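See structure below.
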Amino acid sequence: MKALFLNKYFIDPEALIERSMPCEGNVFIKKGAVVQSFDRIGDCKVMLEEKSFTYDGDLVKKRGNYISQGEVVASSKRAFGLEVSTKSPFTGYIIKTDAVNKEIFIRKPSRPFELISGVPGYVTAIIEGRGVLITTRALRVRGVASYGAEVGAELLVFGEHNDNLKQENFENELAEKIVVCGHLTREAYAKGRAVGVEGFVCGSCNLALFNNLKGDCPPVLVLEGFGKIPLSPLVFDYLKSVQSRFVVLRACERELIIPESGKQGWCSTKSVPFVDVKRGQAVQIFSFPYYGFFGTVISCDEEKGLVKVEMWEKKEKIELPVENLGVVGG
């Protein structure tokens, strides 16, 4: 008896990872070079955003001056000899002044940026002045829905595979991290966006939250479905074991890419549409009320086309048609 094979977790011996800088700079690695995860391969100077503010009176600073936050930039004399000054709310260089609208434009000072390879592998191509393409061995985890752009960052995992992401989790430093959780709530997403989370990977989230994602916001990868479906324990336990590793959340292709040099017997190295159902296999269920949940095959009835599964979450044994499940893992 055969069942659908869910090629959700598999090893890619030649995953292609782009590592690029936020602006034009210097790439000092060559095509064909072998790199390790923390090799420095490029650098640039990032010009930060421009800000503006209004002032009263006459300017005491001019274009090109460097000013600090709180420094006086203009002053005016009022009745009875009272002097009123305008202080800069920002630190940076004055790039323009508008005497008609009484406005000053500030550009924050540039900051150095170092491009780190992030993954081990070999350099396949050079993107002149911007970055490189690195070929590496990686584990790909595919989801069912996603929103946003591609990001690469350090991985952080919270709670258990069926937990909501909680407010107390944000007491940690989450800026520029990819956060993994069992269930993503609207409140947790808003908080994460405010503190600078780079992206979210979750087992499930509410459809309303997903439909409201718009514009330039942290990408979200949903691995199992909508509603309250736990994250696969297979994936969760693995991601917890590789916390702090650099990973790539490729939302445009609904996948998470984890550089992986070791053997992972729980995931696939093959790509076939159907496999024979066997005792002990991990399966995902696609019929209500257990849609999206996981279990282990304990017996098969080929004549009736039924499979008995022991649920991982509820510790129940259920029997269902073979077409209502998919085999996961190696």
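The values are calculated or read from the model by the stated rules, or taken from the named source; none is laboratory data. Please read these numbers as outputs of a predicted model, since none were measured by experiment. Glycine gets a Cβ as well: all are built from the backbone with ideal geometry, and neighbour counts include every protein chain shown.
Here are some notes:
- Looking only at the range 294-312, residues that are exposed (fewer than 15 other Cβ atoms within 10 Å of the Cβ) and more than 37 Å from the chain's Cα centre (by Cα) come to 6 in all.
- Test: residue in the range 10-26 that is part of a strand (DSSP E or B), modelled with pLDDT under 90, farther than 25 Å from T136 by Cα and not polar (S, T, N, Q): no
- In the range 306-320, the residues that are within 19 Å of D237 (Cα to Cα) reach residues that are of a type in the set (F, W, Y) and part of a strand (DSSP E or B) with C-beta atoms within less than 9 angstrom, at least six apart or across chains, in these pairs: M311/F294; W312/F294; E313/F294.
- Only a single item in (1) farther than 24 Å from R111 by Cα; (2) surrounded by 12 or more Cβ atoms within 10 Å (Cβ to Cβ) is not met by V84, and it is number (2).
- Among the candidates G92, G121, residue that is more than 20 Å from E71 (Cβ to Cβ) and either surrounded by fewer than 17 Cβ atoms within 10 Å (Cβ to Cβ) or not charged (D, E, K, R) (or both): G121
- Considering the range 21-38, the residues that are within 23 Å of the chain's Cα centre (by Cα) and surrounded by fewer than 17 Cβ atoms within 10 Å (Cβ to Cβ) include one that is farthest from P112 (Cα to Cα), namely Q36.
- Qualifying residue in the range 44-54 (condition: outside any loop (DSSP other than H, G, I, E, B), touching a Ser or Thr at 6+ places or on another chain (Cβ under 6 Å) and under 30 Å from S261 (Cβ atoms)): no
- Remark: pairs (first residue in the range 35-49, farther than 22 Å from G121 by Cβ; second residue basic (K, R) and assigned to a strand (DSSP E or B); Cβ separation under 9 Å; 6+ apart in sequence or on different chains) = K45/R111; V46/R111; M47/R107; M47/R111; L48/R107; L48/R111; E49/R107.
- For the range 114-129, the criterion of being assigned to a strand (DSSP E or B), of a type outside the set (G, A, S) and closer than 30 Å to G57 by Cα is met by none of the residues.
- Of all residues in the range 277-330, those being in contact with a strand residue (DSSP E or B) (Cβ under 6 Å, 6 or more places away or on another chain), outside any strand (DSSP E or B) and within 19 Å of H183 (Cβ to Cβ) number 3.
- Lone unmet requirement of (1) surrounded by fewer than 13 Cβ atoms within 10 Å (Cβ to Cβ); (2) on the phi > 0 side of the Ramachandran plot; (3) not aliphatic (A, V, I, L, M) for D98: (2)
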